[in-house]
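Participant: Got a structure here, written out as structure tokens. Questions coming.
Every number here is computed from the coordinates shown, using simple stated rules; none is lab data. Note that the coordinates shown come from a computational prediction; the quantities given were computed from them, not determined experimentally. A quick note on method: Cβ atoms are made from the backbone with ideal geometry, for glycine too, and the neighbour counts reach across all protein chains shown.
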Amino acid sequence: MKVLLTGATGFVGRHTLDALLSKEVEVVASTRAHPGPKHDGLHWVVADLSDPISLCHLVREARATHLVHLGWRAVYGDVSNSRENIDWLRHSLLLATEFIDAGGTRIVGCGSCFEYDWSFGVCKEDATPLAPTTLYGASKNALRQALEGLARQAKIGLGWARVFFVYGHDENPSRLVAAVISSLLAGRPAETSHGRQIRDYLHVDDVAAGLAALTFSNAEGAFNIASGGTMTLKDIILEAANQIGRPDLVRLGARPAQAFEPPIIVGDPTKTRETLGFETKIDLASGIAQTIANFRAA
């Protein structure tokens, strides 16, 4: 078994790389710029997935049996409706076809809760309709559909991870948890929406463990990488504020909630737990404490 991991230097990718290496599997990790730290069983390849020649070179050099594809344009704010998502759909399809033609036997793709029809609130694989309202969600869903066809044709395995909301150290400072923690540690007010939205947030280490579990399995189809928890954004914000000791700086309602956001977005983790034997381990208090510690150490 040899894994080609794309997006290996991204927020989720860095932690997924660690999760894969902890199982002592050989990993080829792609990066657009500079290779990351050295590790036994790890080989870095500098490659630009948006360049077909570079992409093809990566696949040929890797000679991997498994592809874990996390590389994508990061989604922050209105970028979820950027046409770059269409570009990444195209790059991803070329990567998959090259991987299959090179003899690869299993693909694990990274999807998103953005694929679901959020009006249902609780999202369950194979039951909740898929009706994405952003280009990001639509592109991810289109990639899954195309990969399913390719996998059937080539008779290879395909696992599709639908990741819900992620937080943790190294995340982009514009994201909710990072923005709140960085503001409070600097003694600045943390201005947020009302915080009544119910969301399924997971620590990035749990997400990485879920992706690794799917990679090492033979499971086919879509799997929620979710906790099934029903915390509100206010719960998360105040947990961080209380641990830092600055709840006085929280400004709930200072910013309007986004108009398209439904009140509830939660993933049902039953299928993932029963099929993969995976469930989240890091509770909110522990995850926030670890994230705060990493911010302070940075």
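Participant: Compute, for the chain, the length of the dipole vector about the Cα centre, with Cβ point charges of +1 (Lys, Arg) and -1 (Asp, Glu) only. Units Debye, rounded to 20.
Facilitator: 240 debye
Participant: Take the alpha carbon atoms of the stretch 128-185, find their radius of gyration, then divide it by 2.2 N^0.38 Å using N residues; give the quotient.
Facilitator: Against the empirical 2.2 N^0.38 Å value, I get 1.63 for the stretch 128-185.
Participant: Separate question: Give me the percent of DSSP beta bridges within the chain that run antiparallel, rounded to the nearest 5.
Facilitator: Antiparallel: roughly 5 percent of the beta bridges in the chain.
Participant: Calculate the tail of P(r) for the stretch 208-291: the fraction of all Cα-Cα distances greater than 20 Å, expressed in %.
Facilitator: Roughly 51 percent, once rounded to a whole number.
Participant: Pull out the extension gain between Arg63 and Thr133, defined as 0.36 nm times the separation in residues minus the alpha carbon to alpha carbon distance; nm, one decimal.
Facilitator: Extra length available between Arg63 and Thr133 comes to 21.5 nm.
Participant: Note down the net charge around Thr291, summing +1 for each Lys or Arg and -1 for each Asp or Glu among other residues with Cβ under 13 Å from its Cβ.
Facilitator: -4
Participant: Additional query: With Kirkwood's inverse mean 1/r over C-alpha pairs for Rh, give me the Rg to Rh ratio of the stretch 28-127, two decimals please.
Facilitator: On the Cα set of the stretch 28-127, Rg over Rh gives 1.02.
Participant: Step through the residues of the stretch 105-113 one at a time and calculate ³J(HN,Hα) from phi using the Karplus curve (6.51 cos²θ - 1.76 cosθ + 1.60, θ = phi - 60°), rounding each to whole Hz and writing x for Gly and Pro.
Facilitator: The phi angles translate into 10, 8, 10, 10, x, 9, x, 7, 5 Hz.
Participant: Find out how many positive minus negative residues lie around His43, taking Lys and Arg as positive, Asp and Glu as negative, among other residues whose Cβ is under 14 Å from that of His43.
Facilitator: Net charge in that neighbourhood comes out at +1.
Participant: Now for a different question. Cα centroid distance between the stretch 1-62 and the stretch 167-213, in Å?
Facilitator: 25 Å
Participant: Counting only C-alpha contacts under 8 Å and six or more residues apart, can you give the relative contact order of the chain as a whole percent?
Facilitator: Rounded, it is 18 percent for the chain.
Participant: Here is a further query. Past 30 Å, Cα to Cα: identify those pairs from Lys140/Lys281; Lys38/Lys124; Lys155/Lys281; Lys124/Lys281; Lys38/Lys155, in the order given.
Facilitator: Lys38/Lys124; Lys155/Lys281; Lys38/Lys155
Participant: What is the Cα convex hull volume of the stretch 132-225 when expressed per residue in Å³?
Facilitator: 120 Å³
Participant: Which of the chymotrypsin sites (Phe, Trp or Tyr not before Pro) found in the stretch 218-298 are loop residues per DSSP with 14 or fewer other Cβ atoms within 10 Å of their Cβ?
Facilitator: Phe260
Participant: Also, quick follow-up: Please state the Cα pair-distance histogram of the stretch 1-61 with 10 angstrom bins from zero: what percent is in each bin?
Facilitator: Histogramming the stretch 1-61 at 10 Å steps yields 24, 57, 19, 0 percent.
Participant: Moving to a separate point now. Projecting each Cα onto the charge dipole of the stretch 62-120 (Lys/Arg +1, Asp/Glu -1 at the beta carbon, about the Cα centre), which of Ser80, Thr97, Ser119 comes out farthest on the positive side?
Facilitator: Thr97
Participant: Please give the per residue volume of the convex hull enclosing the alpha carbon atoms of the stretch 252-291, rounded to a whole number of Å³.
Facilitator: 129 Å³
Participant: Express the relative contact order of the stretch 1-149 as a whole percentage, based on alpha carbon pairs under 8 Å and six or more residues apart in sequence.
Facilitator: Value for the stretch 1-149: 21 percent.
Participant: Of the trypsin sites (Lys or Arg not before Pro) in the stretch 210-298, which ones lie in a loop per DSSP and count no more than 15 other C-beta atoms within 10 Å?
Facilitator: Within the stretch 210-298, the qualifying trypsin sites (Lys or Arg not before Pro) (loop, at most 15 other Cβ atoms within 10 Å) are Lys281.
Participant: Multiply the residue separation of Ser174 and Arg251 by 0.36 nm, subtract the distance between their alpha-carbon atoms, and state the gained length in nm to one decimal.
Facilitator: 26.1 nm
Participant: OK, next. Which of the trypsin sites (Lys or Arg not before Pro) found in the stretch 1-55 are in a DSSP loop and have at most 12 neighbouring Cβ atoms, other than their own, within 10 Å?
Facilitator: Loop-located and lightly packed - Lys38.
Participant: Further, regarding this structure: How long are the semi-axes of the ellipsoid equivalent to the stretch 65-177, from square roots of 5 times the Cα gyration tensor eigenvalues, in whole Å, largest first?
Facilitator: Ellipsoid semi-axes (Å, largest first): 24, 17, 14.
Participant: Order of Met231, Met1 from fewest to most other C-beta atoms within 10 Å?
Facilitator: Least to most surrounded, the residues fall as Met1, Met231.
Participant: Using unit Cβ charges (K, R positive; D, E negative) and no other charged atoms, how large, in debye to the nearest 20, is the dipole of the stretch 168-283 about its Cα centre?
Facilitator: 440 debye
Participant: So if I take the alpha carbon set of the stretch 174-257, get Rg, then get Rh from the Kirkwood formula, what is the Rg over Rh ratio?
Facilitator: 1.10
Participant: Still on this model: With a sphere of radius 12 Å drawn around the Cβ of Ser227, what net charge do the other residues whose Cβ falls strictly inside it have (Lys, Arg +1; Asp, Glu -1)?
Facilitator: Around Ser227, the charge tally is -2.
Participant: A follow-up question, please. On the first, second and third principal axes, largest extent first, how far apart are the outermost C-alpha atoms of the chain in Å?
Facilitator: Between the extreme Cα coordinates on each principal axis of the chain lie 58, 42, 37 Å.
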